[in-house]
Amino acid sequence: MKRAMIALMVTGLAIVALFAFVGDEYYLWVKAGHVIAVIAWMAGMLYLPRLFVYHCDAAPGSVQSETFKVMERRLYRAIINPAMIATWAFGLWLAWQGFAFSGGWLHAKLAAVLVLSGVHGYLGGAVRRFAEDRNTKPARHWRMVNEVPTLLMIVIVILVIVKPF
Ligand code: HEM
């Protein structure tokens, strides 16, 4: 909860700073930052459930299990969390500056990104449960979870590039 509050505050401050100090001539630079952050976020969101699949096969207390815990914690804290914050901060600025938050495609995209952020939170809970050797889900479950960010990413990219409505 404490970390979630800090992440919310950092996101809020980053968005306020962007809105206050960046002019619309920087639109393409902000968009480049957005896409870079998206790539880092998605890379982590696709890799983390894969780690869980292999972690399920490692006996609790074994060297492999402890190594997976370190990999999962670092991936989540050092890559996935900051990349999500940057994606939201840049994305909201682009939505305001470029589109005044209007357009069916943008609203649908925001809904899909909210679901993706929910998956992000679910994976964060799983990192904690694996760290405490309390995971009860089988490898098959994590294989299925692995597909969710992929499907959402396909929908989101089509919405923002094709803008079908
Ligand atoms: C966090 C909330 C997000 C918001 C508010 C947001 C909003 C936006 C906006 C307004 C643009 C500019 C579109 C344009 O200039 O035509 C954009 C670009 C883009 N976004 Fe997002 N986005 C978010 C998250 C994401 C996510 C999660 C992905 C991918 C999984 C993504 C992928 C992209 C891509 C690829 C572009 C470049 C599109 C282009 O230049 O044609 N965005 N985003």
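Condition check: in a helix (DSSP H, G or I) and either within 16 Å of the ligand (Cβ to nearest atom) or touching a strand residue (DSSP E or B) at 6+ places or on another chain (Cβ under 7 Å) (or both). Does I80 satisfy that? Yes. Would you confirm whether any residue within the stretch 54-70 is in contact (Cβ under 8 Å) with a residue 60 or more places away in the chain, more than 16 Å from the ligand (Cβ to nearest atom) and buried (at least 19 other Cβ atoms within 10 Å of the Cβ)? There is at least one residue in the stretch 54-70 that is in contact (Cβ under 8 Å) with a residue 60 or more places away in the chain, more than 16 Å from the ligand (Cβ to nearest atom) and buried (at least 19 other Cβ atoms within 10 Å of the Cβ). No other residue among A112, A100, A89 is among the small types (G, A, S) and either exposed (fewer than 13 other Cβ atoms within 10 Å of the Cβ) or away from the ligand (no atom under 16 Å from the Cβ) (or both) apart from A100.
Inside the stretch 1-45, residues that are within 14 Å of the ligand (Cβ to nearest atom), surrounded by 15 or more Cβ atoms within 10 Å (Cβ to Cβ), of a type in the set (A, V, I, L, M) and under 30 Å from E72 (Cβ atoms) make up a count of 8. Could you check the stretch 76-129 and list, in sequence order, the residues that are without any contact (Cβ under 8 Å) to a residue 24 or more places away in the chain and aromatic (F, W, Y)? Answer for the stretch 76-129, where residues must be without any contact (Cβ under 8 Å) to a residue 24 or more places away in the chain and aromatic (F, W, Y): F99, F101, Y122.
Among the residues of the stretch 18-42, those that are over 26 Å from G124 (Cα atoms) and at pLDDT 85 or above comprise E25, Y26, Y27, L28, W29, V30, K31, A32.
Can you say whether L75 is near the ligand (Cβ under 8 Å from one of its atoms), surrounded by 13 or more Cβ atoms within 10 Å (Cβ to Cβ) and either at pLDDT 95 or above or of a type outside the set (A, V, I, L, M) (or both), as far as the supplied structure shows? In short, no.
The values are calculated or read from the model by the stated rules, or taken from the named source; none is laboratory data. Quantities reported herein were computed from a predicted structural model and do not represent experimental measurements. Every residue, glycine among them, receives a Cβ derived from its backbone with ideal geometry; neighbour counts consider all protein chains shown.
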